[in-house]
Amino acid sequence: PFNSQTTIHFVLPYEVPVELAVYNLSGQQVAILAQGTREAGTYAVSWEGRDGSGRELASGVYLYRLEAGGRVQARKLLLLR
């Protein structure tokens with residue numbers, strides 16, 4: 001659970017196109033946190049519980065989805081206001 005901000009960490013073994021997005025439980029994309037080709041390395045992306053327009057989202061469960069180099073990983077986030 002997080003209140004004002006959380007950080008998502010990931011490691012890329014080689015240069016690949018990346019998309020890191022946040023979704024609500026209805027499957028609607030609410031924010032894109034990273035998009036485009038990234039070099040190999042370790043990354044930390046912060047999310048402040050806001051949608052793509054900068055509006056604060058309501059408390060609840062959200063999912064982040066990381067797609068990189070043909071692999072997909074998803075995890076839950078619990079936002080508490």
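Based on this model, can you work out whether residue 22 counts as more than 13 Å from residue 2 (Cβ to Cβ), in contact (Cβ under 8 Å) with a residue 24 or more places away in the chain and surrounded by 15 or more Cβ atoms within 10 Å (Cβ to Cβ)? No: the conditions fail for residue 22.
Residue by residue, here is whether (1) in contact with a Lys or Arg (Cβ under 8 Å, 6 or more places away or on another chain); (2) modelled with pLDDT of 95 or more; (3) open to solvent by less than 50 Å² (accessible area, probe 1.4 Å) holds:
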| residue | (1), (2), (3) |
| --- | --- |
| 1 | no, no, no |
| 28 | no, yes, no |
| 41 | no, yes, yes |
| 51 | no, yes, yes |
| 81 | no, no, no |
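Within the stretch 53-69, the residues that satisfy the criterion of being open to solvent by less than 70 Å² (accessible area, probe 1.4 Å) and either without any contact (Cβ under 8 Å) to a residue 24 or more places away in the chain or in contact with a helix residue (DSSP H, G or I) (Cβ under 7 Å, 6 or more places away or on another chain) (or both) are 54, 58, 59.
Among the criteria (1) without any contact (Cβ under 8 Å) to a residue 40 or more places away in the chain; (2) among the small types (Gly, Ala, Ser); (3) over 15 Å from residue 74 (Cα atoms), the one residue 4 does not fulfil is (1).
Based on what the data block shows, is residue 11 open to solvent by 90 Å² or more (accessible area, probe 1.4 Å), in contact (Cβ under 8 Å) with a residue 12 or more places away in the chain and of a type in the set (A, V, I, L, M)? Walk me through how you get there before you give the answer.
Values: open to solvent by 90 Å² or more (accessible area, probe 1.4 Å): yes; in contact (Cβ under 8 Å) with a residue 12 or more places away in the chain: yes; of a type in the set (A, V, I, L, M): yes.
In short, yes.
The values are calculated or read from the model by the stated rules, or taken from the named source; none is laboratory data. The structure presented is a predicted model; accordingly, all values stated were derived computationally and were not measured. Cβ coordinates were reconstructed from backbone atoms using ideal geometry, including for glycine residues, and neighbour counts include every protein chain displayed. The protein model used for the area step is the full one, side chains on, heavy atoms only, and it has no ligands, DNA or RNA in it. Shrake-Rupley method; radii C 1.70, N 1.55, O 1.52, S 1.80 Å.
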